[in-house]
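Engineer: Let me begin by handing over the structure; questions about it come next.
The values are calculated or read from the model by the stated rules, or taken from the named source; none is laboratory data. All values reported here derive from a predicted model rather than from experimental measurement. No Cβ is skipped: glycine too gets one built from the backbone with ideal geometry, and neighbour counts run over all protein chains shown. These area figures cover heavy atoms from the full protein model, side chains too; ligands, DNA and RNA do not enter into them. Shrake-Rupley method; radii C 1.70, N 1.55, O 1.52, S 1.80 Å.
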Amino acid sequence: MDILKFITAGSVDDGKSTLIGRLLYDSEAILADQLEALHASNRKNDDGTIDLAILTDGLKAEREQGITIDVAYKYFNTDKRKFIIADAPGHIQYTRNMVTGASNAGLAIILIDARKGVIEQTIRHSFLVSLLGIPQVVVCINKMDMLDYNEEAYNQIVNNYKALAEKVELNNVKFIPVSALKGDNIVHSSINMPWYKGESLLDYLENVDIKVDNSAAHARLPVQWVIRPQTDELHDYRGYAGRVASGSFRVNDPVTVLPSGFTSSIAKIEQLDADPVEASTGMSVTIHLADDIDISRGDLLVNSAEQPQVAQLIEADLCWMDTRPLDSTHTYLVQHNSKVTRCRISEVLYKVNINTLEKQYDEEFKLNDIGRIVIKTADALAFDPYQKNKANGGAIIIDSRTNVTVGALMLRSAVD
Amino acid sequence: MSTNNHLDYLDELEAEAIYILREVAGQFEKPALLFSGGKDSITLVRLAEKAFRPGKFPFPLVHIDTGHNFIETIDYRDRMIERLGEKLIIGHVQDSINEGKVVEQKGKNASRNALQTVTLLDTIAKHQFDACIGGARRDEEKARAKERIFSVRDEFGQWDPKRQRPELWNLYNGKIHKGENVRVFPISNWTELDVWNYIRREKIELPSIYFAHERDCITRNGQLMAASPFLNMDEEDVVERRNVRFRTVGDMTCTAAVESYAYQIDDIINEISESKISERGARMDDKVSEAAMEDRKKGGYF
Ligand SMILES: Nc1nc2c(ncn2[C@@H]2O[C@H](COP(=O)(O)OP(=O)(O)O)[C@@H](O)[C@H]2O)c(=O)[nH]1
């Protein structure tokens, strides 16, 4: 069993809550007391069936009351996978919430109301999914029951979406015609759409390949903590603790410490009750090097044969997340893996109108704005382009006045 | 990262939790691990061993003692500390009562659970902890579903759902102003079943009350409660010998038992897989009001 984190993107009333509710309900992933509450509720659909949207009601109640709109996480599992759903609102004013939810997602479900087809929101959601580099996308064309499960209508939307996917550079797009309300193709294959030969949404979620190609990824390990017991028996013990961000490290591999550039090789890889010969992506380990060099939190260990970019002037995509607009004269902090250093946004190249994908050159960077900038950092960052290696290409901006996270950066390339 | 097929799901959850614990060590000056004696905080302790051995933990364990504990929990705690050789700090609710900072509740449903908050905040202030690691999980109930992994509390320990920081990728922002502190939840993404499966895999010992045993109980508000000197009982309360176990180990006055014949961890996992009732369904004081958890979080409870 492995873990798939996914995000659901749709506009208000496209049926997102109903779809998640249906997924949980039909896959029997609901606990008994929640089920009781569900049956006891007097909120019913027009046809008298239970309103499954109640299961994800957290957000909805808030939307109505105008309080916290946020990313809510939900968990369910089948025999094949553990699923983590990041449920983020889809309205433009919550772009930052969607960006947040998308940052950790391995898959995105984009919801389209079959009666409306591809609309402005669909463009925005698809752009964000692409920007955040979510590797897999499923487009669920919902409310097929309201179009009498018509194949033509479905094909039309699929074709329109394919054009959009090309424009925002989304690959790996899968299409499924569904009715969240009636349950068609959510967990069970639909008897109402015999023309659709593909799998149901849950089948797809359970089987989609989410393997990271480790052999292609470059080995990166940000040092989080140095373990130095300094006891009599362990006098010279010095272990570098961290989680492999990408690629894998093996004993004897040549490594470079960045940004200093010192080189050594891996003497030993440790875990509490095992000393594995290889540390692959995602593993939390303690590394010992053959040479005694000065390493501390914030340093990055890389395989010497696969160097990242090291720079202080970097072009990046930025999503602004604070109500106070970006101030290009202010010194912020940037956090990139375990490294924190001061920074300034030295240039705004352009902003993107995320509904039309047009570039804009004039206004200031405000809440939810997305665009391309150049960042200047006090210490050099050792990074990989985000679109190639998410794990070493994402960074956040912190406002030192409030300590709040105000921006998300997708690093692109060093500027000479 | 989230998408990795080389790791089993428990390995991935474990690696994430270790990563978070090490972030705490790297980002804060005076962190602490809140240890309740329950299975979730016991799991945290195991994860801390994995994160920091052969070094010492970069934080003490902190236990907020209501004085109404199951004796089995305290036994377990003391043996564990002995084995670990780590520092334990105990905050006593009784001290807060003696100092007049809180008033003991009266009546049949009196519990010290709510009083813990004050003792906890005092303990944090006294030791100037800037980060407190807790074993809460997002699946426990709705109010927690939006909780951050690093959750900032103001100097009154309050959680402001409107002012949560965006939390992207695995970048946790632990920057705070003086007087504020951060609650950190390394096992946020675990479900109850994940915790049990991990405990089984790691062969972690638990306090015996988690397993089925015979005990004197009374029925209160439709729930089975352990008969104890801490529970205000009257003639109406009928004491019965029942076969029970506990799904959480809180204060004896508000932790409900469930009828059970699960003597082994495998039995428990089967019981939960059939999912009779979710975990918090068995904690009485959440029933007091629907929004109880959200209120307690705003007030500084874990
Ligand atoms: N006919 C039909 N109605 C649906 C379907 N999915 C959702 N709805 C209805 O559309 C409305 C909005 O659904 P909801 O799940 O609350 O949308 P959300 O705002 O995206 O979470 C509700 O009245 C649902 O019952 C569907 O597949 N078919």
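Engineer: Assess whether A:THR323 counts as being more than 30 Å from A:GLY261 (Cβ to Cβ), open to solvent by 50 Å² or more (accessible area, probe 1.4 Å) and within 14 Å of chain B (Cβ to nearest Cβ).
Structural biologist: The answer is yes for A:THR323.
Engineer: Conditions: (1) open to solvent by less than 40 Å² (accessible area, probe 1.4 Å); (2) at pLDDT below 95; (3) within 14 Å of the ligand (Cβ to nearest atom). A:ILE119 meets all but one. Number of the miss?
Structural biologist: Only one criterion is unmet by A:ILE119, namely (1).
Engineer: Moving to a separate point now. Given (1) touching a strand residue (DSSP E or B) at 6+ places or on another chain (Cβ under 9 Å); (2) at pLDDT below 95, identify the lone condition not met by A:SER338.
Structural biologist: (2)
Engineer: Could you say which residue among A:VAL158, A:VAL226, A:VAL173 is in contact (Cβ under 8 Å) with a residue 40 or more places away in the chain and among the aliphatic types (A, V, I, L, M)?
Structural biologist: From the options A:VAL158, A:VAL226, A:VAL173, the qualifying one is A:VAL226.
Engineer: Could you go through the range B:195-204 and let me know if any residue there is at pLDDT 90 or above, crowded, with 21+ Cβ neighbours inside 10 Å and part of a strand (DSSP E or B).
Structural biologist: Scanning the range B:195-204, I find no residue that is at pLDDT 90 or above, crowded, with 21+ Cβ neighbours inside 10 Å and part of a strand (DSSP E or B), so the answer is no.
Engineer: Could you check the range A:122-156 and list, in sequence order, the residues that are surrounded by fewer than 22 Cβ atoms within 10 Å (Cβ to Cβ) and among the aliphatic types (A, V, I, L, M)?
Structural biologist: Of everything in the range A:122-156, those that are surrounded by fewer than 22 Cβ atoms within 10 Å (Cβ to Cβ) and among the aliphatic types (A, V, I, L, M) turn out to be A:ILE123, A:LEU131, A:VAL138, A:MET146, A:LEU147, A:ALA153.
Engineer: Another question, if that's okay. Looking at A:ASP184, A:ASP232, which is the one that is within 16 Å of the ligand (Cβ to nearest atom) and among the acidic types (Asp, Glu)?
Structural biologist: After ruling out the rest, the residue left standing is A:ASP184.
Engineer: Restricted to the range A:99-116, and to residues that are outside any strand (DSSP E or B) and over 10 Å from the mean Cα position of the chain (by Cα), which residue is surrounded by the fewest Cβ atoms within 10 Å (Cβ to Cβ)?
Structural biologist: Once the filter is applied, the top-ranked residue is A:ARG115.
Engineer: Identify, please: which residue in the range A:157-197 is of a type in the set (Val, Ile, Thr) and out of contact with any helix residue (DSSP H, G or I) (no Cβ under 9 Å at 6 or more places or on another chain) and is, among those, most open to solvent (accessible area, probe 1.4 Å)?
Structural biologist: A:ILE191
Engineer: Next question. Where residues in the range B:251-277 are of a type in the set (Gly, Ala, Ser) and open to solvent by less than 20 Å² (accessible area, probe 1.4 Å), which of them is modelled with the lowest pLDDT?
Structural biologist: B:ALA256
Engineer: Scanning for something assigned to a strand (DSSP E or B), exposed (fewer than 15 other Cβ atoms within 10 Å of the Cβ) and acidic (Asp, Glu), does the range A:356-366 turn up at least one residue?
Structural biologist: Yes, the conditions are met somewhere in the range A:356-366.
Engineer: Which residues, counting only those in the range B:7-34, are at pLDDT below 95 and part of a loop (DSSP other than H, G, I, E, B)?
Structural biologist: Selection gives B:LEU7, B:ASP8.
Engineer: Additional query: Any residue that is surrounded by 21 or more Cβ atoms within 10 Å (Cβ to Cβ), within 14 Å of chain A (Cβ to nearest Cβ), touching a residue at least 60 places away in the same chain (Cβ under 8 Å) and outside any loop (DSSP other than H, G, I, E, B) - is there at least one of those in the range B:212-224?
Structural biologist: Looking through the range B:212-224, none of the residues is surrounded by 21 or more Cβ atoms within 10 Å (Cβ to Cβ), within 14 Å of chain A (Cβ to nearest Cβ), touching a residue at least 60 places away in the same chain (Cβ under 8 Å) and outside any loop (DSSP other than H, G, I, E, B).
Engineer: Now for a different question. Which pairs have Cβ atoms under 9 Å, sit 6 or more apart or on different chains, and link a residue in the range A:1-30 that is in a strand (DSSP E or B) to one that is open to solvent by 20 Å² or more (accessible area, probe 1.4 Å) and within 6 Å of the ligand (Cβ to nearest atom)?
Structural biologist: A:THR8/A:LYS16; A:ALA9/A:LYS16
Engineer: Looking at this structure, is B:GLU192 under 16 Å from the mean Cα position of the chain (by Cα) and within 12 Å of another protein chain (Cβ to nearest Cβ)?
Structural biologist: Spelling it out, B:GLU192 is indeed under 16 Å from the mean Cα position of the chain (by Cα) and within 12 Å of another protein chain (Cβ to nearest Cβ).
Engineer: Please go through the range B:151-173 and pick out each residue that is part of a helix (DSSP H, G or I) and in contact (Cβ under 8 Å) with a residue 24 or more places away in the chain.
Structural biologist: B:PRO161
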